Amino acid sequence: YIILSLFFRWDNVSRRWKQRKNVQAVKLFVVDDLHMIGGSIGPVLEVICSRMRYMSAQLDTSVRIVGLSSSLTNARDIGAWLGCSAAATFNFLPNTRPVPLELYIQGFNLSHTASRLAAMVRPVYQAISRHAGKLNPKPALVFVPGRRQSRSTAIDMLTMAHADGAPQRFLHISETDETFVKLLNSLQVFLILNFLE
């Protein structure tokens, strides 16, 4: 059997594993996104991985568990938790990436979330200018806690670019590009319809 499933669906399916022969027949369990174990889906990930290990022990069958994730600082701990030996745990260094990644971290010591996010806007813009380049810009990725903050940060970035005299700084497409115009029109229709509701 090959079963492809989301975390939450596999949690539902495998809860009654004693009554489901298809679940008991699983010999290879591949779980992806283990780096999300500290996030909102973390408890579900923990439960399904632990349940598969428990099921394997109870049935006296070996279920091979393959865990995949982005870079982890505690890969050996995760591997040990999944029952993998140190020799069977692989954690690749960032320099083995097919596309090189440069990582820059800057800390802010403010406990109030809204104040911290507001204080980070200008340094983020400056970091993008410094590291991504102005003449031949490279892609930059900025993590924010949610959708609302991503909109706010994008507006702040555009405002700062305009204040620097480069209003087209983040626009890497022609304003007359057909795909861009279609996307913009559909977005305007979507916003109008949502506003009318």
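Let me confirm something: among ARG147, ARG116, which residue is modelled with pLDDT of 85 or more and of a type in the set (D, E, K, R)? Walk me through how you get there before you give the answer.
Values: ARG147 fails: modelled with pLDDT of 85 or more.
Unique residue meeting the criteria: ARG116.
Assess whether THR153 counts as being under 23 Å from the mean Cα position of the chain (by Cα), without any contact (Cβ under 8 Å) to a residue 40 or more places away in the chain and surrounded by 11 or more Cβ atoms within 10 Å (Cβ to Cβ). Walk me through it before giving the result.
Details: under 23 Å from the mean Cα position of the chain (by Cα): yes; without any contact (Cβ under 8 Å) to a residue 40 or more places away in the chain: yes; surrounded by 11 or more Cβ atoms within 10 Å (Cβ to Cβ): yes.
Yes; evaluated as a whole, the condition is true for this residue.
Run down VAL144, VAL124 and say which single residue is touching a residue at least 12 places away in the same chain (Cβ under 8 Å), out of contact with any Gly (no Cβ under 8 Å at 6 or more places or on another chain) and within 29 Å of VAL31 (Cβ to Cβ).
On the way: VAL124 fails: within 29 Å of VAL31 (Cβ to Cβ).
Only one candidate passes the filter, namely VAL144.
Could you list, in sequence order, the residues of region 4-42 that are loosely packed, with under 14 Cβ neighbours inside 10 Å and among the aliphatic types (A, V, I, L, M)?
Within region 4-42, LEU4, LEU6, ALA25, LEU28, VAL30 meet the criteria.
Provide a single number: the residues in region 161-180 that are assigned to a helix (DSSP H, G or I), surrounded by 10 or more Cβ atoms within 10 Å (Cβ to Cβ) and at pLDDT 80 or above. Explain how you work it out, then say what you get.
Kept after step one, since they are assigned to a helix (DSSP H, G or I), are these residues of region 161-180: 161-163, 178-180.
Retained after the next criterion (residues that are surrounded by 10 or more Cβ atoms within 10 Å (Cβ to Cβ)): 161-163, 180.
Those still in the list that are at pLDDT 80 or above too: 161-163.
Result for region 161-180: 3.
Write out, first by first residue and then by second, each pair whose Cβ atoms fall under 8 Å of each other, whose residues are 6+ apart or on separate chains, and whose first residue, in region 99-116, is polar (S, T, N, Q) while the second is modelled with pLDDT of 80 or more and surrounded by 10 or more Cβ atoms within 10 Å (Cβ to Cβ).
GLN106/PRO123; GLN106/ALA127
The values are calculated or read from the model by the stated rules, or taken from the named source; none is laboratory data. If you're wondering where the values come from, they're calculated on a predicted model, not measured in any experiment. For neighbour counting, all protein chains shown are included, and Cβ atoms are generated from backbone atoms with ideal geometry for every residue, glycine included.
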